[in-house]
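The values are calculated or read from the model by the stated rules, or taken from the named source; none is laboratory data. Since we're looking at a predicted model, the values are computed, not measured. All Cβ positions, glycine included, derive from the backbone under ideal geometry; neighbour counts span all protein chains shown.
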Amino acid sequence: MVRKFNFNAGPATLPLEVLEEVQKNVVELSNTGMSVLEISHRGSEFKEIIENTRRLFVELMNIPKNYEILFLQGGASLQFAMVPMNLLRSGESADYIITGTWSKKALKEAKILGKVNIAASAEEDKFKRIPRAEEIKLSKEASYVHMTSNNTIFGTQWANFPEVGDVPLVADMSSDILSRKIDVSKFGLIYAGAQKNLGPAGVTVVIIRKDLAEKCPENIPSMLKYETHIKEESLYNTPNVFAIYTMKLVLEWMKRNGGAEKMEEINKRKAELIYSAIDKSDGFYRLVAEKDSRSFMNVTFRLKNEDLEQAFIKKAAAINLYGLKGHRSVGGVRASIYNAFPMEGAEALVEFMEKYAQEN
Ligand SMILES: *Cc1c(COP(=O)(O)O)cnc(C)c1O
């Protein structure tokens, strides 16, 4: 196999050593005589897997004791609905900070379920920047404030999280979870689909402060209630056994490689490499995001015209720099460089960018 440098936004590249370990255990899980795909989710083998996944996750994210960790299905997209169902109390409203397509989708679901207030929106600026602190207008009696920590499509990211006082801060961290050190105690709830930084698609992690879960209303269908999954330790129904198992291997890989702190250092180096190639290109490449809002997970840029962009993506793919096409709503190029994306891939992209600019 010639392994591509895979810049896909999600599902995204996974460490090769993890894939090789998965390959072995798909046939037989460590001397059990069964595949990891065949074991019971209530058996001791899987109990150990899910407990280790939870323990590693708590350790790597440094999650305080007053939080629960859930492994759910339905993606981040289901959390867009579960968050307001469980946390938006009647008579109150929820504040939403709109920084891109995913925040808008979260807002849409909340609107179906209750009152919402748009605390800030970067839409007028075509989502090229994160709102400044003074632009955020929080309402007095909000049940929670919702934000998207990294905007996968536009390539912007919060460098510092907003100050929300005593109101629970809820964050969609699907595209930057465990890519940097964060203070979990600042949040009431964090959720993330696994398929960018944590593993394969099919499992969604929710970190919820216990007191918030305890206050959730009763009249919610069981599968959609956080309390159900807390009580049953994410085994109320059959979870995605395979995705959780693979996530465990990814977390072990992260731990071996220095944890969140080291991931952050390397991620920033990868991003800086590409950003400085853009900055040095004399306008041949143009950033989509404003400088102080740019993401170190998704680097988005445009070229002078669409022909140049299309040829760029095609020529890059021909030398195994794959998945660089920007999201259709932004156009141009997007390089997604999550934790498992190697430094050599960023270097190869920069080399290609310099050559392409010279030739054109
Ligand atoms: C990818 C992504 C989603 C969607 O996740 P699903 O698991 O497909 O529902 C939501 N929010 C953000 C920030 C994302 O990057």
Exercise for the section: Answer with yes or no whether K355 is outside any loop (DSSP other than H, G, I, E, B), surrounded by fewer than 22 Cβ atoms within 10 Å (Cβ to Cβ), in contact (Cβ under 8 Å) with a residue 40 or more places away in the chain and charged (D, E, K, R). Expected result: no
Could you tell me whether region 129-152 includes any residue that is within 14 Å of the ligand (Cβ to nearest atom), farther than 30 Å from I50 by Cβ and part of a strand (DSSP E or B)? yes
Of the residues in region 185-205, those that are surrounded by fewer than 24 Cβ atoms within 10 Å (Cβ to Cβ) and within 12 Å of the ligand (Cβ to nearest atom) come to P200, A201, G202
field: Test result for R334, free of Cβ contacts under 8 Å to residues at least 24 places away in the same chain, not in a helix (DSSP H, G or I) and not hydrophobic (A, V, I, L, M, F, W, C)
entry: no
| message | Considering only region 124-142, I want to know if a residue exists there that is surrounded by fewer than 22 Cβ atoms within 10 Å (Cβ to Cβ), over 15 Å from the mean Cα position of the chain (by Cα) and polar (S, T, N, Q). | response | yes
The helices (runs of 4 or more DSSP H) lying entirely within region 186-303 that contain at least 2 residues which are at pLDDT 95 or above and under 20 Å from the mean Cα position of the chain (by Cα) are 241-256, 259-279
query = Does I182 count as within 16 Å of the ligand (Cβ to nearest atom), in the same structural domain as L56 (by TED's automatic domain parsing), surrounded by fewer than 24 Cβ atoms within 10 Å (Cβ to Cβ) and not in a loop (DSSP other than H, G, I, E, B)?
reply = no
Restricting region 103-117 to residues that are within 11 Å of the ligand (Cβ to nearest atom) and of a type outside the set (D, E, K, R), the one nearest to K137 (Cα to Cα) turns out to be S103
Taking first residues from region 144-160 that are without any contact (Cβ under 8 Å) to a residue 40 or more places away in the chain and second residues anywhere that are away from the ligand (no atom under 11 Å from the Cβ) and not β-branched (V, I, T), the pairs with Cβ under 6 Å that are 6 or more apart or on different chains are S149/W158
Every listed condition ((1) in contact with a strand residue (DSSP E or B) (Cβ under 8 Å, 6 or more places away or on another chain); (2) of a type outside the set (S, T, N, Q); (3) surrounded by 15 or more Cβ atoms within 10 Å (Cβ to Cβ)) holds for E227 save (1)
Output yes when any residue across region 85-102 is part of a helix (DSSP H, G or I), within 15 Å of S295 (Cβ to Cβ) and within 13 Å of the ligand (Cβ to nearest atom), and no when none is.
yes
Modelled with pLDDT of 95 or more and either within 16 Å of the ligand (Cβ to nearest atom) or crowded, with 23+ Cβ neighbours inside 10 Å (or both), is that true of P168? no
